[in-house]
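Working notes, beginning with the structure itself.
The values are calculated or read from the model by the stated rules, or taken from the named source; none is laboratory data. Just so you know, these numbers come straight off a predicted model, no measurement behind them. Using ideal geometry, Cβ is built from the backbone for each residue, glycine included, and neighbour counts are taken over all protein chains shown.
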Amino acid sequence: MPTLPEANTLPDATTLPEAVWCQLLLDARTHNGWLDRPVDDSLLQRLYELVRMGPTSSNCQPLRLVFVKSPAAKLRLRPTLSAGNVEKTMQAPVTAIVAYDTAFYAQMAKLAPHRPGAGQALGAMEPEARRRMALLSATLQGGYVILAARGLGLDCGPMGGFNAEQVDAEFFPEGTWKSIFLLNLGHGDPAELYPRAPRLDFDEACRIV
């Protein structure tokens, strides 16, 4: 196995302090319990302002987010959840529906002014290829949401246990937005954390060729 450089030997211009890596990844956890602390709308706006700056294919920006906060909206979400996700989602201050827009290409005149006709070209793509393009980039953006939220001091609880068709019918009746995963956001209760599970080592998950 090749010897990897220590964090403090990498060039200063590209290295974040260890405390930042701890907040974003090393010490960050998937939370299942939540403290009774609200999340202000302005923080959610700042979250999106950060997320939108991450790269996507052709700058297509297909991510769409619905921040479910109100008790009424939470009740609409509840029937779509797997049994094990109900209590923690009802407790979380915010649940983000992380989705993609199948009609993302309609925004390309704004997003790619340097490429006239990009929207028309994407609109003419084979539908499944265009859908996969949107899903891939929006899923990538979903990862940015988690990192940006942690960077803003929020804890995260991503979930795949829900009925996507029910969520889409309830929250996206127009039919062009499609849910990918749900993400509880807020300030996690450390008393509700599970023991951290192992991760794969570099030589189990990576190849250098």
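Which one is surrounded by the most Cβ atoms within 10 Å (Cβ to Cβ), of the residues in region 39-50 that are within 15 Å of the chain's Cα centre (by Cα) and among the charged types (D, E, K, R)?
We begin by selecting, within region 39-50, every residue within 15 Å of the chain's Cα centre (by Cα); these are 44-50.
Filter once more, so that each one left must be among the charged types (D, E, K, R): 46, 49.
Working: 46: 13, 49: 10.
Ranking the candidates gives 46 first.
Taking residue 133, is it of a type in the set (A, V, I, L, M, F, W, C) and free of Cβ contacts under 8 Å to residues at least 40 places away in the same chain?
No, not satisfied.
Quick check: is even one residue across region 111-125 within 22 Å of the chain's Cα centre (by Cα), of a type outside the set (Val, Ile, Thr) and in a helix (DSSP H, G or I)?
yes
Is there a residue being surrounded by fewer than 20 Cβ atoms within 10 Å (Cβ to Cβ) and in contact with a Ser or Thr (Cβ under 8 Å, 6 or more places away or on another chain) anywhere in region 90-97?
no
Name the residues in region 14-69 that are modelled with pLDDT of 95 or more, among the hydrophobic types (A, V, I, L, M, F, W, C) and over 28 Å from residue 82 (Cβ atoms), would you?
Those that are modelled with pLDDT of 95 or more, among the hydrophobic types (A, V, I, L, M, F, W, C) and over 28 Å from residue 82 (Cβ atoms): 19, 20, 21, 22, 26, 50, 53, 60.
Listed here are the residues, each with its yes/no results for (1) among the basic types (Lys, Arg); (2) part of a helix (DSSP H, G or I); (3) touching a Leu at 6+ places or on another chain (Cβ under 8 Å).
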{"position": "156", "(1), (2), (3)": "no, no, yes"}
{"position": "166", "(1), (2), (3)": "no, yes, no"}
{"position": "179", "(1), (2), (3)": "no, no, no"}
{"position": "195", "(1), (2), (3)": "no, no, no"}
{"position": "207", "(1), (2), (3)": "yes, no, no"}
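Within region 147-197, can you find the residues that are touching a Ser or Thr at 6+ places or on another chain (Cβ under 6 Å) and polar (S, T, N, Q)?
163, 166, 176, 184
Considering each of 200, 183 in turn, give the residue that is closer than 16 Å to residue 65 by Cα and modelled with pLDDT of 95 or more.
183
I'm trying to understand the selection: among the residues of region 167-184, which are surrounded by fewer than 21 Cβ atoms within 10 Å (Cβ to Cβ), in contact with a strand residue (DSSP E or B) (Cβ under 9 Å, 6 or more places away or on another chain) and not hydrophobic (A, V, I, L, M, F, W, C)?
168, 176, 178, listed by residue number.
In region 29-38, what count of residues is obtained for those that are assigned to a loop (DSSP other than H, G, I, E, B) and within 17 Å of the chain's Cα centre (by Cα)?
The qualifying residues number 3.
Take region 41-97 and flag every residue that is part of a loop (DSSP other than H, G, I, E, B) and over 23 Å from residue 137 (Cβ atoms).
Pass one, region 41-97, residues part of a loop (DSSP other than H, G, I, E, B): 52-56, 60-62, 69-70, 82, 92-93.
Residues satisfying the conditions are 69, 70, 82, 92, 93.
Quickly run through region 66-82 and pick out the residues that are under 15 Å from residue 158 (Cα atoms) and surrounded by fewer than 16 Cβ atoms within 10 Å (Cβ to Cβ).
Matches in region 66-82: 82 only.
Which members of region 127-147 meet the condition of being surrounded by 21 or more Cβ atoms within 10 Å (Cβ to Cβ) and touching a Leu at 6+ places or on another chain (Cβ under 6 Å)?
138, 141
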